[in-house]
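Read the structure below first, then the notes.
A short reminder: the numbers here are calculations on the coordinates, not readings from a lab. Source: prediction; values computed, not measured. Here the Cβ positions follow ideal geometry from the backbone for every residue, glycine too, while neighbour counts run over all protein chains shown.
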Amino acid sequence: MIPQREKNVIRKRVHVRIREKVAGTSERPRLNVYRSLNHIYVQLIDDAAGTTIVSASTNEKAGTKGAKGTKKPTGGNVASAKALGKMIAERAKAKGVSSVVFDRGGYIYHGRVKALADAAREAGLKF
């Protein structure tokens with residue numbers, strides 16, 4: 001089994017490789033995903049101007065709630081990722097953004113990352 005530290009080094013290397021090919025503009029910003037054990041963070045970034053247009057995360061007050069029966073809200077599950085995908089799509093539409101470039105951050109397109117992307121697509125964002 002690969003230690004967690006080495007997995008993160010590999011993920012960062014993959015992310016650099018992805019970033020060489022993916023860039024956001026003001027018309028089509030980059031939808032960047034960062035996934036930790038307990039939360040997910042999403043940003044719409046205009047790389048040409050170097051600014052963040054919209055951001056959302058599962059640890060915001062208006063963010064997602066945990067599963068029933070848990071004491072603390074958690075963002076480390078697929079249900080929270082789906083809610084976050086809908087939230088970022090709504091915020092993007094409010095700013096006038098309808099089309100984005102997806103940057104999975106070096107993570108495998110599976111589980112929480114895939115759920116977030118699918119929910120954002122269903123809410124109206126075009127990838």
So which residues in region 20-41 are of a type in the set (A, V, I, L, M, F, W, C), buried (at least 19 other Cβ atoms within 10 Å of the Cβ) and farther than 15 Å from Ser99 by Cα, if there are any at all? Val33, Ile40
Are there any pairs, at least 6 apart or on different chains, whose C-beta atoms fall under 7 Å, with the first in region 1-30 and without any contact (Cβ under 8 Å) to a residue 40 or more places away in the chain and the second loosely packed, with under 15 Cβ neighbours inside 10 Å, and if so, which? Thr25/Ala48; Ser26/Ala48; Ser26/Ala49
Near pairs, Cβ below 7 angstrom, 6+ apart or cross-chain, from region 98-127 (within 18 Å of His39 (Cα to Cα) and touching a residue at least 12 places away in the same chain (Cβ under 8 Å)) to any residue that is aliphatic (A, V, I, L, M) and in a loop (DSSP other than H, G, I, E, B): Asp103/Val22
Assess whether Asn38 counts as being closer than 24 Å to Gly75 by Cα and outside any helix (DSSP H, G or I). yes
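Here is a yes/no grid of residues against (1) surrounded by 13 or more Cβ atoms within 10 Å (Cβ to Cβ); (2) of a type outside the set (Phe, Trp, Tyr); (3) touching a Phe, Trp or Tyr at 6+ places or on another chain (Cβ under 9 Å); (4) not in a loop (DSSP other than H, G, I, E, B):
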| site | (1), (2), (3), (4) |
| --- | --- |
| Glu90 | yes, yes, no, yes |
| Gly96 | no, yes, no, no |
| Lys114 | yes, yes, no, yes |
| Arg121 | yes, yes, yes, yes |
